[in-house]
Amino acid sequence: MREVHDLASARGVRIAALGSATEWIDDPRAALAWQADALATGLFDGVHLDVEPWLHPAWDRDRARVVVGYLHLLDLLAEASVRRLEVDVAWWGHEVATPGGVPLDRAVAQRVDATTAMVYRDTATGPDSVTDLGRHVLATAAATGTPCRLAVETRFVGTDPASRRQSFWGRDQRVLHQALAAVDVALRDHPSYAGTAVHDHRGWTDLPR
């Protein structure tokens, strides 16, 4: 891992420690301990949090409490380190209100250094596409001065039509690369657009060439 870090640093590439545990919403001390341990290695330039509050078992019955706990978790992690804190967000976060009345996507963007929006679609432009689903989160990112990446999926998520349009699974890498390039072209002048992300490396490399 040290070799990877040194090679990345020499090329100006940042490496973040990825953490994903929904239970951290209820146990932020565990998240703080994980962050401290990860950053103490000296291998990471920051942390990337993939905590998805909508997966919390109380999301449907007590959403306000979950949202408050999630935002508190972000506050604690941001306060505990000067390193970058980036988080994954849902493209529909603008539809969820926090107890203070601020849309969830804006409340998150105000607390972190960058976001990655999980706009899992297999087309670049047009209705129900990467850029279509990303428009609200990009607008929020621009308003808060927060860089935002748009993420696509490459893993198997199902064979029904709704699932198939959420992933590039079953397509070849050429199709994926063309779609990502088209997103770049469509959003090249957007003030908050910071590029694309792919979930995940194994899914990407497993696509036929």
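Model label sites at His72 and Asp200, defined 7 Å from Cα along the beta-carbon direction, differ in position by 2.9 nm. The spacing between the range 1-65 and the range 83-142, judged by their C-alpha centroids, is 18 Å. Panel values: the range 58-124, Kirkwood radius from alpha carbon pairs, Stokes-Einstein at 10 °C and 1.306 mPa s, translational diffusion coefficient 124 µm²/s.
Counted by Cβ distance under 13 Å from Gly145, the other residues give a net charge of +1, where Lys and Arg count +1 and Asp and Glu count -1. Using 0.36 nm per residue and subtracting the Cα-Cα separation, the extra length available between Ala182 and Asp60 on full extension is 40.3 nm. For the set Phe44, Phe168, Phe156, solvent exposure ranked by accessible area (probe 1.4 Å, protein chains only) runs largest to smallest as Phe156, Phe44, Phe168.
Under the criterion of Cα pairs below 8 Å and six or more residues apart, the relative contact order for the chain equals 15 percent.
If you take all other residues with their beta carbon under 15 Å from the beta carbon of Asp206, and give Lys and Arg +1 and Asp and Glu -1, the sum is +2. Straightening the chain between Glu95 and Thr125 buys 8.6 nm, computed as 0.36 nm per residue apart minus the Cα-Cα spacing.
Over all distinct Cα pairs, what is the inverse of the mean 1/r for the chain, reported as the Kirkwood hydrodynamic radius in Å? For the chain, the Kirkwood estimate is 18.0 Å.
The mean of 1/r over all distinct Cα pairs in the range 120-181, once inverted, gives the Kirkwood hydrodynamic radius of 12.4 Å. Dividing the summed helix terms, -39500 (n - 2.57) for each DSSP H run of n ≥ 4, by the number of residues in the chain produces a 222 nm estimate of -12500 deg cm²/dmol to the nearest 500. Ordered from largest to smallest accessible area (heavy atoms of protein chains, 1.4 Å probe), the residues Tyr70, Tyr120 come out as Tyr120, Tyr70.
The values are calculated or read from the model by the stated rules, or taken from the named source; none is laboratory data. Just so it is clear, the structure is predicted and the values come from calculations on it, not from any experiment. All Cβ positions, even for glycine, are placed from backbone atoms using ideal geometry, and neighbour counts span all protein chains on display. Surface accessibility is based on the protein's heavy atoms, side chains included, excluding ligands, DNA and RNA. Shrake-Rupley method; radii C 1.70, N 1.55, O 1.52, S 1.80 Å.
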